[in-house]
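The values are calculated or read from the model by the stated rules, or taken from the named source; none is laboratory data. As the structure is a computational prediction, the values presented were derived from the model and not from experiment. Cβ coordinates were reconstructed from backbone atoms using ideal geometry, including for glycine residues, and neighbour counts include every protein chain displayed. Each accessible area value is taken on the protein alone, full model and side chains, heavy atoms only, with ligands, DNA and RNA left out. Shrake-Rupley method; radii C 1.70, N 1.55, O 1.52, S 1.80 Å.
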Amino acid sequence: MRMISFSQFLSMNSTTIITATVQHLYLALGSELIGCLIAIPFGIWLTRREKLADYVLAATGSIQTIPSLALLGFVLPLLGIGPLPAMVVLVLYSLLPVIRNTYTGIRNVNPVYIEAGTGVGMNSRQLLWMVKFPLALPIIMAGVRISTVYLISWATLAAFIGAGGLGDLIITGIQTADANFIIAGTVPTAVLAIGAGWILGKVEMFLTPRGSQLVPDEGR
């Protein structure tokens with residue numbers, strides 16, 4: 001069978017590609033949002049429990065070492081197929097960068113600013129939300145940026161458990177030896193990852209105040 005040109009392929013499959021892209025964004029960005037809603041408050045909570053933080057960061061870091069296909073295979077008997085198990089796995093993968101950066105950013109706020117806040121009568125809650133969190137926000141956003149780029153890439157594997165997304169096109173291309181499907185899946189995935197990294201990088205730069213607001217970790 002003669003291969004059609006990529007332009008012809010696009011005209012014939014544009015709706016399928018758009019649908020897969022929307023599904024991919026739903027999986028990746030939805031999982032990232034849920035992960036942030038869990039990881040940021042948890043990272044803040046850990047700043048008051050330094051000894052526990054080492055164990056938690058080690059535990060979440062160990063999740064990153066598990067191959068994504070293996071983790072998908074683990075949740076498959078528990079949650080079945082479809083978007084739910086895929087998003088559970090993606091949320092787990094999103095936690096480490098955000099928890100780590102939230103914890104590190106708040107712990108390393110320059111003590112000068114904390115002393116100044118204390119000096120004007122702020123309590124611990126006010127110091128957190130009016131001093132520490134705003135100054136740590138660029139570091140937190142760096143974790144969100146890294147996590148988001150990872151999830152957009154990893155979401156392609158969700159197609160193996162029937163969750164849809166651009167991975168469907170890649171798998172179809174491999175099964176049918178059709179390069180058009182592979183290109184239609186890989187190029188949008190790369191563009192989405194690069195675009196998300198660029199946009200969140202700009203947000204991170206916008207949130208970064210002039211001057212150094214953090215102090216070195218010093219082995220904490």
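Computed quantities for the displayed model
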read-out: In the stretch 157-170, the residues that are surrounded by fewer than 24 Cβ atoms within 10 Å (Cβ to Cβ) and in contact (Cβ under 8 Å) with a residue 60 or more places away in the chain; value: Leu157, Phe160, Ile161, Gly162, Gly164, Asp168
read-out: Some residue of the stretch 111-126 being in contact (Cβ under 8 Å) with a residue 60 or more places away in the chain, of a type outside the set (Gly, Ala, Ser), closer than 30 Å to Arg48 by Cβ and open to solvent by 60 Å² or more (accessible area, probe 1.4 Å); value: yes
read-out: Any pair with Cβ under 8 angstrom, 6 or more apart, that starts in the stretch 7-25 at a residue that is farther than 14 Å from Pro188 by Cα and ends at one that is not small (Gly, Ala, Ser) and not in a helix (DSSP H, G or I); value: Met12/Ile4
read-out: Identity of the residue in the stretch 92-110, among the β-branched types (Val, Ile, Thr) and open to solvent by less than 20 Å² (accessible area, probe 1.4 Å), that ends up farthest from Phe42 (Cα to Cα); value: Val109
read-out: For Leu76: the one exception among (1) open to solvent by 20 Å² or more (accessible area, probe 1.4 Å); (2) under 23 Å from Leu135 (Cβ atoms); (3) among the aliphatic types (A, V, I, L, M); value: (2)
read-out: Residue among Ile38, Ile17, Ile81, Ile63 that alone is in a helix (DSSP H, G or I), open to solvent by 70 Å² or more (accessible area, probe 1.4 Å) and within 23 Å of Ala158 (Cβ to Cβ); value: Ile38
read-out: Every residue from the stretch 171-198 that is among the aliphatic types (A, V, I, L, M), more than 17 Å from Ser5 (Cα to Cα) and crowded, with 18+ Cβ neighbours inside 10 Å; value: Leu192, Ala193, Ala196
read-out: Boolean, Arg145 is touching a residue at least 12 places away in the same chain (Cβ under 8 Å), closer than 16 Å to Leu46 by Cα and among the charged types (D, E, K, R); value: no
read-out: Any helices (runs of 4 or more DSSP H) falling wholly within the stretch 98-190 and containing at least 1 residues that are β-branched (Val, Ile, Thr) and under 16 Å from the mean Cα position of the chain (by Cα); value: 133-154
